[in-house]
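Coordinate-derived values only; no laboratory data. For clarity, every value in this text was computed on a predicted model and none was experimentally measured. All Cβ positions, even for glycine, are placed from backbone atoms using ideal geometry, and neighbour counts span all protein chains on display.
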Amino acid sequence: MMDHNSLAENVLVTAHVIGHADFVKRNELFARFMRMAGGHILEQSAARAHSLENALLRHGQEAVEAVLDAALALEPHIDVHQPLYRAPYPESADAAAAPESDTFRQRYQALPGETAPAPPPPPAGRRAIPPYPEQDLLWFIARHAPELKDWERDILLAVREEAFYFFPVHACQIMNEGWASYWHACLLREAEFLPHDLYLQALRVHSDVVRPYGNEQQLALAINPYHLGFVLWEDIIAREGLEVARRICAEEDDFGFIRNHLSAALAEKLDLFSYQERHDGETRVLSRNIHEVREAILGPKYNYGAPSIVVERMNDDASLVLRHDHARDGRGLDLSQAEQVMHYVARIWRRPVTLHTVDFRGTPRSVEITPPDAARTSAKRV
């Protein structure tokens with residue numbers, strides 16, 4: 001027999017899943033990426049698992065895991081503004097300008113501000129690869145790594161495809177969890193068919209899901225997406241009605257949702273603020289300004305939550321130069337973590353790889369890795 005706690009959780013989970021299904025069906029970002037992936041993710045995942053098993057049998061666990069580890073380390077480094085199935089770079093240098101993949105990017109290229117420096121011209125007689133700074137590291141390595149085998153390329157592209165498929169989950173987390181929480185709350189409010197004690201237990205479970213803080217804390221430094229999304233949807237529906245909420249659900253992601261609908265009054269009511277964690281362990285409140293609060297919430301969502309790294313150039317000797325766009329990120333890199341990821345990149349690129357970045361103080365730094373099977377092994381910071 002199922003006890004009341006378990007039964008209440010099942011009721012809540014069922015209602016919550018219905019809310020998620022409704023959101024995914026309505027939201028255009030989910031629809032766009034579903035169209036790109038072909039809508040057959042279960043069949044594709046099964047086919048990938050079968051291919052991976054064959055690779056393990058033919059090439060051994062160590063070789064397969066080396067490629068898979070590298071692919072997973074680079075999983076966030078895709079360009080979601082590009083199509084999932086991209087064409088190769090054009091042969092003509094005149095046609096190789098950076099793509100304007102959507103109206104959003106084209107609009108914001110026209111804004112005033114400092115112009116990014118143009119990449120250095122390639123040597124005479126050689127076409128630059130890439131012809132523009134390339135953000136999609138998984139795609140570039142799969143396409144251009146000089147010694148990559150077909151089965152290794154397939155693993156990289158499979159991981160990239162799954163990263164595309166799950167991007168809307170990342171980009172709409174607050175909206176999606178809030179929408180599901182709102183609708184399971186609505187369903188519970190009308191669940192008169194439930195026995196009284198089971199109904200009360202279901203409401204307690206709901207309260208635990210959407211509470212602002214965990215573990216009975218009175219102050220939290222992390223946003224609970226269930227709570228924030230739930231409060232925002234309740235506010236929108238109370239002020240503007242369900243049809244407006246459904247339009248927002250269809251047209252926006254978390255960036256538009258937070259910037260357009262998290263008001264100063266609501267942020268004050270929720271006691272939201274931006275803060276800074278220092279390297280000595282001290283934490284201090286930075287601001288309660290609504291614009292800074294919004295950007296603090298959205299900051300971890302930029303670029304799939306990963307640092308903005310681009311392929312700057314592939315040299316004549318096939319060594320690779322990467323650059324961290326720290327101005328865009330607004331922060332430096334943890335050099336020890338960056339070096340670890342660079343080892344993964346060098347392992348599958350099989351040529352020296354250099355990353356130019358800055359540390360947390362803003363001081364320029366470079367990490368250079370030569371793969372183990374090269375004539376010389378090095379891991380050098382400059």
- Query: How far, in nm, would the chain grow between residue 147 and residue 238 when pulled straight, counting 0.36 nm per residue and subtracting the alpha carbon separation?
  - Reply: 26.9 nm
- Query: Of the listed peptides 20-26, 224-230, 130-136, what is their order by residue-averaged count of other C-beta atoms within 10 Å, with the highest listed first?
  - Reply: 224-230, 130-136, 20-26
- Given charges at Cβ of Lys, Arg, Asp, Glu: the range 6-93 dipole, positive-most of 33, 73, 51: 33
- Sorted largest first, the C-alpha extents of the range 11-77 along its principal axes in whole angstrom are 45, 29, 22
- How many nm is it between the label spots at residue 265 and residue 62, if each spot is 7 Å from the Cα in line with the beta carbon? 6.6 nm
- Message: With the cut-off at 1.5 for a/c, could you classify the range 230-347 from its C-alpha gyration tensor as rounded, prolate or oblate?
- Response: oblate
